[in-house]
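Asks: Sharing a structure, written as structure tokens. Questions coming.
The values are calculated or read from the model by the stated rules, or taken from the named source; none is laboratory data. Please read all numbers here as calculations on a predicted model, not as lab measurements. Cβ atoms come from the backbone with ideal geometry, glycine included; neighbour counts cover every protein chain shown. What goes into the accessible areas is simple: the full protein's heavy atoms, side chains included, and nothing from ligands, DNA or RNA. Shrake-Rupley method; radii C 1.70, N 1.55, O 1.52, S 1.80 Å.
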Amino acid sequence: MRMSSKSLRGLLKNGKQTGKEKGNNTVRVLCYDSTSWVLDSFKPAVEEFNKKFGTSDFTIEMDYTTDRLSPRSSTYAAGYDAVCLFVNDNANSDIIKNLSLLGVKMIAMRCAGFDRVDTKAARAHQLSVARVPAYSPYAVAEHAMTLLLSLNRKIYKASTRVRMANFTLDTGLMGMDIHGKTIGVMGTGKIGQILCNILKGFGSTILCYDVFENEDLKKAGATYVSQDDIFARCDVIFLMMPLLPATHHTINENILPKLKKGVLLINTARGGLIDTNALISGLESGIIGGCGLDVYENESEYFFQDWSAKTVKDPALTSLLGNSHVLLTAHQAFFTKEAVDKIVDTTLSNISEWKKGRHGQEHPNNCIPAMEILDLPQTPIKPPPQT
């Protein structure tokens with residue numbers, strides 16, 4: 001296997017540690033896609049962990065790279081026990097195989113989603129995969145509401161104008177009362193439930209859609225309806241669903257004629273819930289009056305990186321950036337102090353649990369699916385003996 005200089009340095013660095021230190025007392029972790037907040041949050045937490053547990057248990061040695069996990073950068077993991085990944089790191093089957101050959105035994109996701117990890121390949125190569133199942137659902141729900149309020153009341157436009165000493169008012173800044181409006185919440189998991197409680201305080205009529213109906217929300221006044229009812233009746237629609245084959249492109253060209261004209265669309269869940277070309281079409285026709293997005297279906301190349309001195313080559317993203325009816329943030333809905341603290345604590349705890357022997361499905365935050373009957377090798381049926 002050909003190795004980059006980074007991977008060779010990793011082997012040499014970790015190979016220098018011998019005896020007791022190299023044995024059971026240190027877990028070596030390489031953290032990919034490490035932007036400034038990752039270093040600012042994880043470095044002191046790792047130091048504190050080692051002070052607390054290092055003398056009696058083991059220590060964590062965490063190194064950082066700004067590169068995302070890819071076929072090329074996977075070689076950096078040579079000599080490490082685990083890798084720590086984020087939402088846009090790619091851990092497909094080939095990369096999983098590379099990591100396994102390099103000696104990696106665990107993938108610690110510092111996020112809830114793991115759709116970019118081939119968990120079946122991880123199981124086949126005996127890698128444990130653990131995630132942070134929840135950090136702060138309040139953060140995401142509050143950010144979704146922030147997007148709605150800013151989009152509706154044109155705060156982003158007004159702030160820019162005032163900074164230019166333009167203090168005039170015109171209809172371009174006019175919004176609507178959220179009180180009394182019909183709001184659709186598609187997906188009533190923990191985040192969706194919190195959002196409904198926030199909306200209740202605004203005095204809105206809340207319509208919900210989910211395959212699993214929440215009785216507490218019903219008692220609080222929310223009503224479960226069909227998707228088509230959401231589309232036809234709602235002034236605002238929040239997308240709060242996981243990205244699954246059944247929810248991919250929930251908003252698409254076929255849905256546009258069903259939407260209430262001028263609807264405001266908010267998505268802080270997953271970019272793939274919206275067909276971006278359909279969204280652009282809906283904005284241009286006026287069917288969609290505005291859109292607040294914290295996610296984008298092709299975000300992986302751009303989000304969490306500085307493109308201010310480069311040319312964005314994605315025409316759909318360029319169209320959204322140039323549309324005055326679109327408010328876009330770069331996947332920051334989760335980004336509160338409370339959420340980051342929870343991410344860091346849970347990630348280190350996940351590594352600790354793995355080190356203590358809770359591997360695969362035994363890990364409390366395991367992502368790997370159970371062995372399915374169809375995955376089991378089929379035993380060939382021997383023909384009956386010739387008589």
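Asks: Quick check on my filter: what residues within the stretch 285-304 are more than 14 Å from the chain's Cα centre (by Cα) and in a strand (DSSP E or B)?
Replies: Of everything in the stretch 285-304, those that are more than 14 Å from the chain's Cα centre (by Cα) and in a strand (DSSP E or B) turn out to be Ile288, Gly289, Gly290, Cys291, Gly292.
Asks: If you check Ala333 against the conditions, is it hydrophobic (A, V, I, L, M, F, W, C) and in contact (Cβ under 8 Å) with a residue 40 or more places away in the chain?
Replies: So Ala333 passes the test.
Asks: Is it true that Phe212 is out of contact with any helix residue (DSSP H, G or I) (no Cβ under 9 Å at 6 or more places or on another chain) and among the aromatic types (Phe, Trp, Tyr)?
Replies: yes
Asks: Within the stretch 120-136, which residues are open to solvent by 20 Å² or more (accessible area, probe 1.4 Å) and in a helix (DSSP H, G or I)?
Replies: Once the filter is applied, which keeps residues that are open to solvent by 20 Å² or more (accessible area, probe 1.4 Å) and in a helix (DSSP H, G or I), the stretch 120-136 yields Lys120, Arg123, Ala124.
Asks: Same structure again: Looking only at the stretch 83-92, which residues are within 23 Å of Met371 (Cβ to Cβ) and either open to solvent by 50 Å² or more (accessible area, probe 1.4 Å) or in contact (Cβ under 8 Å) with a residue 40 or more places away in the chain (or both)?
Replies: Correct list: Asn92 only.
Asks: Go through (1) touching an Asp or Glu at 6+ places or on another chain (Cβ under 9 Å); (2) of a type in the set (S, T, N, Q); (3) over 30 Å from Ala333 (Cβ atoms) for Asn88 and report which single condition fails.
Replies: (3)
Asks: Next up: Please enumerate the residues belonging to the stretch 311-353 that are among the polar types (S, T, N, Q) and closer than 30 Å to Val129 by Cα.
Replies: Thr329, Gln332, Thr336, Thr346, Thr347, Ser349, Asn350, Ser352
Asks: Condition test on Leu149, is it within 30 Å of His325 (Cα to Cα) and touching a Gly at 6+ places or on another chain (Cβ under 9 Å)?
Replies: yes
Asks: Take the stretch 213-271 and flag every residue that is under 23 Å from Leu149 (Cα atoms) and basic (Lys, Arg).
Replies: Arg233, Lys260, Lys261, Arg270
Asks: Search the stretch 26-78 for residues being of a type in the set (A, V, I, L, M) and in a strand (DSSP E or B), and hand back the single one that is farthest from His331 (Cα to Cα).
Replies: By that ranking, first place goes to Val27.
Asks: Spot the failing condition for Leu102; the list is (1) modelled with pLDDT of 95 or more; (2) surrounded by fewer than 23 Cβ atoms within 10 Å (Cβ to Cβ); (3) under 16 Å from Asn366 (Cβ atoms), and only one is missed.
Replies: If we test Leu102 against (1) modelled with pLDDT of 95 or more; (2) surrounded by fewer than 23 Cβ atoms within 10 Å (Cβ to Cβ); (3) under 16 Å from Asn366 (Cβ atoms), just (3) comes out false.
Asks: Test each condition in (1) at pLDDT below 95; (2) within 19 Å of the chain's Cα centre (by Cα) for Lys337 and report the one that comes out false.
Replies: For Lys337, the exception is condition (1).
Asks: Then there is this: State which residue is nearest to the chain's Cα centre (by Cα) when the search covers only the stretch 79-100 and only residues that are closer than 19 Å to Trp354 by Cα and in a helix (DSSP H, G or I).
Replies: In this case the residue turns out to be Ile96.
Asks: Right, another one. Every residue in the stretch 272-327 that is more than 23 Å from Leu256 (Cα to Cα) and not charged (D, E, K, R), please.
Replies: Ser300, Tyr302, Phe303, Phe304, Gln305, Trp307, Ser308, Ala309, Thr311, Val312
Asks: In the stretch 332-352, what residues are assigned to a loop (DSSP other than H, G, I, E, B) and buried (at least 20 other Cβ atoms within 10 Å of the Cβ)?
Replies: If the condition is that a residue be assigned to a loop (DSSP other than H, G, I, E, B) and buried (at least 20 other Cβ atoms within 10 Å of the Cβ), then Ala333, Phe334 are the ones that fit.
Asks: If I filter the stretch 200-208 for residues that are touching a helix residue (DSSP H, G or I) at 6+ places or on another chain (Cβ under 8 Å), open to solvent by 50 Å² or more (accessible area, probe 1.4 Å) and among the aromatic types (Phe, Trp, Tyr), do I get at least one hit?
Replies: Among the residues of the stretch 200-208, not one is touching a helix residue (DSSP H, G or I) at 6+ places or on another chain (Cβ under 8 Å), open to solvent by 50 Å² or more (accessible area, probe 1.4 Å) and among the aromatic types (Phe, Trp, Tyr), which makes the answer no.
Each row is one residue, and each column tells you yes or no for (1) in contact with a Phe, Trp or Tyr (Cβ under 7 Å, 6 or more places away or on another chain); (2) over 17 Å from Thr268 (Cβ atoms); (3) part of a loop (DSSP other than H, G, I, E, B); (4) not hydrophobic (A, V, I, L, M, F, W, C).
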| site | (1), (2), (3), (4) |
| --- | --- |
| Leu169 | no, yes, yes, no |
| Met176 | no, yes, yes, no |
| Gln193 | no, no, no, yes |
| Ile198 | no, no, no, no |
| Gly201 | no, yes, no, yes |
| Val211 | no, yes, yes, no |
| Asp216 | no, yes, no, yes |
| Gly221 | no, yes, yes, yes |
| Ala232 | no, yes, no, no |
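Asks: Go through Asp216, Asp177, Asp228 for me and flag whichever is within 25 Å of Ala339 (Cβ to Cβ), over 23 Å from the mean Cα position of the chain (by Cα) and surrounded by fewer than 16 Cβ atoms within 10 Å (Cβ to Cβ).
Replies: Just a single option satisfies the conditions, and that option is Asp216.
Asks: Residues Ile155, Ile96: which one is more than 30 Å from His325 (Cβ to Cβ), out of contact with any Gly (no Cβ under 8 Å at 6 or more places or on another chain) and not polar (S, T, N, Q)?
Replies: Ile96
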